[in-house]
Amino acid sequence: MPTTSPIVEQSPAAMQRRADAWRASGKRIAFVPTMGALHEGHTTLMQNARRDADVLVASVFVNPTQFGPGEDFEKYPRVLEQDLVRAGEAGVDCVFAPAPAVMYPAGYATYVHVEGITAVLEGAARPGHFRGVATVVTKLLNIVKPHVVYFGQKDAQQVAVITRMMGDLNIDTTLIVVPTVREPDGLAMSSRNAYLSVQQRREAPVLYRALQLGEQRIRQHAQQRREAPVLYRALQLGEQRIRQHAPAAADVIQEMRALIGSASSGVIDYISIADAESLQELHGPVPDGAVLISLAVRFGTTRLIDNILIPRTRS
Ligand code: AMP
């Protein structure tokens, strides 16, 4: 399919007029919000969204309100021209790329705060981060007016926060989550990978190996339980025994720490095994409900995150 350059809108009012016109002519609008420096993770979201829409909008906006003091807001890569080419190739019709002063003009005073699930994991490590994310996503949804919006599983807590926010605020847009896109060696694609030195890049795939190790430990136990149906049926005691031997989250985390420590110079910010919905940490035996294993590790000044979601029905 021949690719054309996307239309670029920089003004919220112009973007809203365009969205209104699309809606008035019965077009279904899909939307992929990004901070730019587009890679295959982003373009996979766009390709998925493309199939689901008459018009596809992406935003490229490095949102200042989601960066804390001392974080990488200034040095975050900004390559709009290159992004427009990639977005065009991925089927994007329109890129919304506003300036910070347009999104947050003088006197700006309104923020969206999602309680509870923003207090843990990334929210605990980056105070104010999700306030910025929830605020900008609300603004972007009001500006682009999409029927459907796409987010990546790479940012698992972001998905949880936005899902909660959209439900709580009755936002009339469908949210679709796309699985994490990885490099061939397992490293989750991220605009921040560009900061890594050659040596750090060599070590970084251990994050995914550690997550896989955690997943394996937790799934192994479920497997053992499934292989012992007679115990379930005949002896409640049997089930109880096996339950007692569910891997303790703390032990699994310890193994993951040891792996990362032995294979890299990465400094662990956190490794978490949590209930996938509430994001509350598990410490004792891992139950059979949906579980999110997630981590954040620093390589020098570069902070990488990754996760594996284990659904309720384990195979
Ligand atoms: P960002 O530009 O980092 O804010 O990301 C924009 C969107 O792309 C978010 O929904 C991310 O979760 C998603 N995303 C980023 N990296 C990946 C990846 N490796 N796989 C899937 N989605 C991703």
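The values are calculated or read from the model by the stated rules, or taken from the named source; none is laboratory data. Since the model is a prediction, treat every value here as computed from it, not as a measurement. Note that we place each Cβ from the backbone using ideal geometry, even for glycine, and neighbour counts take in every protein chain shown. Heavy atoms of the whole protein, side chains included, go into the accessibility calculation; ligands, DNA and RNA do not. Shrake-Rupley method; radii C 1.70, N 1.55, O 1.52, S 1.80 Å.
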Around GLN16, with a cut-off of 15 angstrom between Cβ atoms, what is the net charge of the other residues, counting Lys and Arg +1 and Asp and Glu -1? +4
Taking the C-alpha atoms of the stretch 31-74, convex hull volume expressed per residue in Å³: 72 Å³
Using heavy-atom solvent-accessible surface (probe 1.4 Å) with all chains present, what is the largest-first order of LEU175, LEU169? LEU169, LEU175
Per residue, how much accessible area does the chain have with a 1.4 Å probe, in Å²? 48 Å²
Calculate the dipole size of the chain relative to its Cα centre from +1 charges on Lys and Arg beta carbons and -1 charges on Asp and Glu beta carbons; express the result in debye to the nearest 20. 380 debye
Please compute, for the alpha-carbon atoms of the chain, the extent along each of the three principal axes and give them in descending order in Å. 66, 45, 44
Theoretical gain in end-to-end length, ASP168 to GLU277 [0.36 nm per residue, Cα-Cα removed]: 37.7 nm
In whole Å, largest first, the alpha carbons of the stretch 1-152 cover along the principal axes 44, 31, 29
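Relative contact order for the chain: what percent, with Cα pairs under 8 Å and sequence separation of 6 or more?
Value for the chain: 16 percent.
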Run lengths n ≥ 4 of DSSP H only: what is the helix-derived mean residue ellipticity at 222 nm for the chain, with -39500 (n - 2.57) per run over all residues, to the nearest 500? -12500 deg cm²/dmol
Could you estimate the translational diffusion coefficient of the stretch 75-138 from the Stokes-Einstein equation, with Rh from the Kirkwood formula over C-alpha pairs, at 10 °C and 1.306 mPa s, in whole µm²/s? 110 µm²/s
Straight-distance crosslink candidates among aspartates and glutamates, where the alpha carbon sits under 17 Å from LYS139 and sequence neighbours closer than 8 are dropped: GLU9, ASP20, ASP168, ASP172
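Provide the net charge surrounding ASP275, with neighbours chosen by a C-beta distance below 12 Å and charges set as Lys +1, Arg +1, Asp -1, Glu -1.
Here the charged neighbours net out to -2.
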Using a 1.4 Å probe on the protein heavy atoms, what percent of the accessible area of the chain belongs to carbon and sulfur? 52 percent
So what J values fall out for the stretch 129-136 if you push phi through Karplus, 6.51 cos²θ - 1.76 cosθ + 1.60 with θ = phi - 60°, rounded to Hz, Gly and Pro as x? 4, 6, 5, x, 5, 4, 5, 5
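What is the sum of charges around VAL112, taking Lys and Arg as +1, Asp and Glu as -1, for the other residues whose C-beta is under 15 Å from the C-beta of VAL112?
Value of the local net charge: +1.
Kirkwood Rh over Cα pairs of the stretch 113-179 into Stokes-Einstein at 37 °C, 0.692 mPa s: D in µm²/s?
271 µm²/s
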Per residue, the convex hull enclosing the Cα atoms of the stretch 263-315 spans a volume in Å³ of 100 Å³
Sorted by mean Cβ packing within 10 Å, highest first, what order do the peptides 255-264, 153-162, 82-91, 66-75 take? 153-162, 82-91, 255-264, 66-75
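Mind ranking 7-20, 107-120 by how tightly packed they are, going by the mean number of other C-beta atoms within 10 angstrom, highest first?
For the peptides 7-20, 107-120, the packing ranking is 7-20, 107-120.
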With +1 on each Lys and Arg Cβ and -1 on each Asp and Glu Cβ, and nothing else charged, work out how big the dipole of the stretch 130-180 is about its Cα centre, in Debye to the nearest 20. 120 debye
